[in-house]
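K.L.:
Quick one: the structure is below, and I'll ask about it shortly.
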There are 2 protein chains.
Amino acid sequence: MASDSKPTINDVARIAEVSKKTVSRVINKSPLLSEKTRERVEQVIADIGYVPNPQARALALRRNFVIAAIHDNPNAQFLVNVQQGILEGLAGSDFNLMVKPVDRNSPNITDDIRDFLVRQRPYGVVLLPPVSENDEIARLCDDLGCRYVRMGSVRLDEAEHTVSSNDREAVCEAVSYLIEKGHQRIAIIEGPKGFTSPQERRAGFEEALHSAGLKLDEALVRPGSYTFESGVAAGQSLVEMADRPTAIFACNDEMAIGAMIAARRSGLLIPEDLSIVGFDDTPLSSHVWPSLTTVHWPIVDMARTAALKLIAPDDVEANARWLLPSVLIERSSVVPPAAR
Amino acid sequence: MASDSKPTINDVARIAEVSKKTVSRVINKSPLLSEKTRERVEQVIADIGYVPNPQARALALRRNFVIAAIHDNPNAQFLVNVQQGILEGLAGSDFNLMVKPVDRNSPNITDDIRDFLVRQRPYGVVLLPPVSENDEIARLCDDLGCRYVRMGSVRLDEAEHTVSSNDREAVCEAVSYLIEKGHQRIAIIEGPKGFTSPQERRAGFEEALHSAGLKLDEALVRPGSYTFESGVAAGQSLVEMADRPTAIFACNDEMAIGAMIAARRSGLLIPEDLSIVGFDDTPLSSHVWPSLTTVHWPIVDMARTAALKLIAPDDVEANARWLLPSVLIERSSVVPPAAR
DNA sequence: CGCCATTTTGACACCGGTTACCTAAATTAT
DNA sequence: ATAATTTAGGTAACCGGTGTCAAAATGGCG
């Protein structure tokens, strides 16, 4: 009993004895309408359960109510946080969220995205890191006249199309915290080359050393790829050193936890023998034992802000905001270094 | 230089000197067209870069090209896998994926979903567990004439609206494997009450015991909620028993890993002192040390199948498939019990 | 009461496609 | 050669909304 097909604006108009246009005015809360007819029409709408057809609206308005999240990020927790944030920003509006993953290794990412934008014509897109760091794609959106916000550690000094976090300052703070605790030999496990966020985090690391008068020991720098395995490998090579570091800063939590596991395998106690600081504040970081001291990366906030920038041009506050704070979360993976 | 607004079907018709309808026929690959005009029109389409407007099509066809994933599941890895699977199923079609999370604790989930379906009118929806277990919502889809597929351990004996996995058999196999290894005192950490999947997994557990002639010891049953913390709690209470079990089956990986951590905190060696088997095969399960023996839950396959069922009525193979195999993955968290 | 300004409402074309129906040309049958 | 049938393509209405602009209704004021 799937009932007859849905009532349309014409049905409402006929029953309420007004024109379609008047019904349209009621739906769109136009101010130039008498209270009397508005009530009458609203009554009819409620009676017959009329709901405007979004496709028809989209056609007439020449714009739809879709925000797309374009990503090439394989991290599940990140993705889900971003989606949550965008949906929070969209809540209460007519907008819906569409997800569009792209293949980071494909040579024609740009073509793929162009095709998507041209076919689907989303009202706006949120570009997620690392795809957000691709200037060509941002230009593509510009050319196609598609609203966009780039999320990440992009540090473009323009509020309109960007939502960033101050990774550099936050890492500087975190590493300074290690130094304050008495650590001098501090290692870093870097993120993948060629992206902004690992660069920023590395920069913050150096900044902290410099302002404490320490100099960077290249022997304590390890490459990483943001994966658990790369953290294990880097951690292992660090703890096997003759004069191993007393603390490690890893550019993300997964690698930090990998390093933790590697250290433990080598018989080290954490944090007594080795302090560790991560970055991201994934749920996992509070689940491991000892719980991981890390930098909270405000993904959900960034995503919510990005969504608001796209759909709420009047929200001056959201539109002005483009640099959100990453803050240090002290847990239990850091203590002063043991005397040697 | 955002260029003038996009070419429409009228532009193509005018330039190719045919009617709109003929262009429409070309787009829709209608067979009743001469090869000559088809080529001419296709040439014009390519020349001016015409792309059909999806909103207009949606309006005229009275159906859009949107598949929505409706979920109330907080697990990030699960969600991302589902999205990946659905997108694989949708790949190459005109369909796009929309995500619609609902609040599992809200009393008016049904109203929320009804509202979404009525407003957005997606072509089809994939209901994810545990929402998929709610019969009221399935009925709602029926009433609203919205195609749907319920994913999960739903075990409705009807292929049309269901994609399930054989959790029960798989768990039975996994626990039988423990028994073969020589374990007799096997504990279970259950999933949340009131959902099908934990029930099925528990049933499989009992089945394995029975067919081996063992009887269920209620003292070795612990409640859980699929969270890491509940796994820690359950694990701890199990290892503190005077005659503790030699093996634990946890109804998901997160709890298995929680139990693993709890056991280690109590000074137990894994797997020497305690074997552990999980369920899901999350990436984490191969990252922990020792790597977790677990049951692979074919989420991606299930999601892909669900998507195909929605959009490819001709794909008889996909439409007939509704029970996908969960298979045991042997890693290194199980060994025969130590002599006591 | 009549006139003008203002508010409220409606007629109609249009957004960019599709369907139903129709016509003219081409082909086949008689 | 003519009628019957098929094939190729066109016409007009329609899907369900919105924008424009003008008409109708209302109200204030002399």
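K.L.:
If I model a spin label as a point 7 Å beyond the Cα along the Cα-Cβ vector, how far apart are those points for A:Leu216 and B:Val118 in nm?
P.N.:
Simple spin-label model gives 6.0 nm for this pair.
K.L.:
Calculated FRET efficiency, B:Arg321 and A:Lys21, Cβ-Cβ r, R0 51 Å, to nearest 0.05?
P.N.:
About 0.50, to the nearest 0.05.
K.L.:
With an 8 Å Cα cut-off and a minimum separation of 6 or more residues, compute the relative contact order for the range A:146-305 in percent.
P.N.:
Across the range A:146-305, relative contact order equals 21 percent.
K.L.:
Give me the compactness ratio for chain B, meaning the Cα radius of gyration over 2.2 N^0.38 Å.
P.N.:
This ratio for chain B stands at 1.29.
K.L.:
Averaged over peptide A:296-308, how many Cβ atoms belonging to another chain are found within 10 Å of each residue's Cβ?
P.N.:
If you average over the peptide's residues, the count of other-chain Cβ atoms is 0.
K.L.:
Quick one: what do you get for the protein assembly as shown if you divide its Cα Rg by 2.2 N^0.38 Å?
P.N.:
1.08
K.L.:
May I pose another question? Once you keep just the Cα pairs under 8 angstrom separated by 6 or more residues, what percentage relative contact order results for the range B:9-52?
P.N.:
45
K.L.:
Okay, moving on. Quick one: which bits of the range A:76-112 get at least 40 Å² less accessible when the partner protein chains are in, versus the chain alone, with a 1.4 Å probe?
P.N.:
By number: A:Ala76, A:Val80, A:Gln83, A:Leu87, A:Asn96, A:Leu97, A:Met98, A:Val99.
K.L.:
Helix B:228-239 versus the longest principal axis of chain B: what angle, 0 to 90°, nearest 10, using Cα atoms?
P.N.:
20
K.L.:
Give the nm distances, rounded to one decimal, from A:Val118 to the matching residue in every other copy, measuring between label points 7 Å along Cα toward the beta carbon; shortest first.
P.N.:
So the distances to the same position in the other copies read 3.9 nm.
K.L.:
Would you work out which of B:Ala16, B:Ala60, B:Leu127 lies farthest towards the positive end of the dipole of chain B? Charges go on Cβ: Lys and Arg +1, Asp and Glu -1.
P.N.:
Working it through, the farthest residue towards the positive pole turns out to be B:Ala16.
K.L.:
Take the Cα atoms of the range B:110-158, build their convex hull, and give its volume per residue in Å³.
P.N.:
68
K.L.:
Taking just the alpha carbons, could you work out the radius of gyration and Dmax for the range B:9-52, both in angstroms?
P.N.:
Cα-based Rg and Dmax for the range B:9-52 come out at 9.0, 24 Å.
K.L.:
Right, something else. Between helix B:299-311 and chain B, what is the angle of the helix's C-alpha long axis to the longest principal axis, kept within 0 to 90° and rounded to the nearest 10?
P.N.:
The angle comes out near 30 degrees.
K.L.:
Compute the relative contact order of chain A as a whole-number percentage, counting only Cα pairs closer than 8 Å that sit 6 or more residues apart in sequence.
P.N.:
Computed over chain A, the figure is 17 percent.
K.L.:
Stokes-Einstein D for the range B:167-297 at 4 °C, 1.567 mPa s, Kirkwood Rh over Cα pairs, in µm²/s?
P.N.:
In µm²/s, the coefficient rounds to 92.
K.L.:
Enter the accessible area per residue of the range B:9-52 (Å², integer; probe 1.4 Å; all protein chains in place).
P.N.:
Using a 1.4 Å probe on heavy atoms only, each residue of the range B:9-52 averages 64 Å².
K.L.:
Determine the dipole magnitude for chain B: charges of +1 sit on the beta-carbon of Lys and Arg, -1 on that of Asp and Glu, nothing else is charged, the reference point is the Cα centre, and the result goes in debye to the nearest 20.
P.N.:
On the way: 37 positive and 46 negative charges, 212 e Å.
The dipole magnitude comes to about 1020 debye.
K.L.:
Now, a different point. Using the basic label-point model (7 angstrom from Cα toward the beta carbon), what is the A:Ser34 to B:Ser332 distance in nanometres?
P.N.:
For A:Ser34 paired with B:Ser332, the spin-label model returns 8.3 nm.
K.L.:
Here is a follow-up. With a Förster radius of 22 Å, plug the Cβ-Cβ distance of B:Ala312 and B:Ala60 into 1/(1 + (r/R0)^6) and report the FRET value to the nearest 0.05. Walk me through the numbers before you get to the answer.
P.N.:
Working: r = 22 Å, r/R0 = 1.00.
Plugging the Cβ-Cβ distance into 1/(1 + (r/R0)^6) gives 0.50.
K.L.:
Right, next: In the range A:93-121, whose amide N lies under 14 Å from the spot 7 Å out along Cα-to-Cβ of B:Ala46? List them in ranges.
P.N.:
Within reach of a label on B:Ala46, which here means backbone N under 14 Å from a point 7 Å along Cα→Cβ, the range A:93-121 contributes nothing.
K.L.:
Of all accessible surface on the protein assembly as shown at a 1.4 Å probe, what whole percent is carbon and sulfur?
P.N.:
Its accessible area is 51 percent carbon and sulfur atoms.
K.L.:
So what's the angle, to the nearest 10 degrees on a 0 to 90 scale, between helix A:196-211 and the longest Cα principal axis of chain A?
P.N.:
Once rounded, one gets 40 degrees.
K.L.:
Continuing with the same structure: Give me the summed buried accessible area for the A-B pair, 1.4 Å probe, to the nearest 100 Å².
P.N.:
The contact between B and A buries close to 3500 Å².
K.L.:
According to a simple spin-label model (label point 7 Å from Cα along Cα-to-Cβ), what is the distance in nm between B:Arg139 and A:Glu160?
P.N.:
5.3
K.L.:
Using the crude model of +1 on Lys and Arg Cβ and -1 on Asp and Glu Cβ, and no other charge, please compute the dipole size for the range B:9-52 relative to its Cα centre, in debye to 20.
P.N.:
On the way: 8 positive and 6 negative charges, 45 e Å.
Computed charge dipole of the range B:9-52: roughly 220 debye.
K.L.:
Just going by the charge dipole of the range B:64-202, with Lys and Arg at +1 and Asp and Glu at -1 on Cβ, which of B:Ala69, B:Ala187, B:Val80 is farthest out on the positive end?
P.N.:
B:Ala187
K.L.:
Also, quick follow-up: Helix-derived [θ] at 222 nm for chain A: sum -39500 (n - 2.57) over DSSP H runs of at least 4, divide by residue count, nearest 500? Walk me through the intermediate numbers first.
P.N.:
Working: 14 runs with 153 residues, N = 340.
Helix-only estimate at 222 nm: -13500 deg cm²/dmol.
K.L.:
Right, next: Note down, for the range A:233-340, the three equivalent ellipsoid semi-axes (square root of 5 times each alpha carbon gyration tensor eigenvalue), biggest first, whole angstrom. Walk me through the numbers on the way to the answer.
P.N.:
Values: eigenvalues 266, 28, 24 Å².
Over the Cα atoms of the range A:233-340, the ellipsoid semi-axes are 36, 12, 11 Å.
K.L.:
Can you tell me the dipole magnitude for the range A:167-297 around its Cα centre, using point charges on the Cβ only (Lys, Arg +1; Asp, Glu -1), in Debye to the nearest 20?
P.N.:
On the way: 11 positive and 19 negative charges, 54 e Å.
Here the range A:167-297 has a charge dipole of around 260 debye.
K.L.:
Relative to the other copies, what are the label-point distances for A:Glu229, with labels 7 Å from Cα along the C-beta vector, expressed in nm at one decimal and sorted shortest first?
P.N.:
Output for A:Glu229: 3.3 nm, nearest copy listed first.
The values are calculated or read from the model by the stated rules, or taken from the named source; none is laboratory data. Keep in mind that this is a model prediction, so the values were computed, not measured. Neighbour counts are summed over all protein chains in view; Cβ atoms, including those assigned to glycine, are modelled from backbone coordinates with ideal geometry. Ligands, DNA and RNA are stripped out before the accessible areas are found, and what is left, the full protein with its side chains, is counted by its heavy atoms. Shrake-Rupley method; radii C 1.70, N 1.55, O 1.52, S 1.80 Å.
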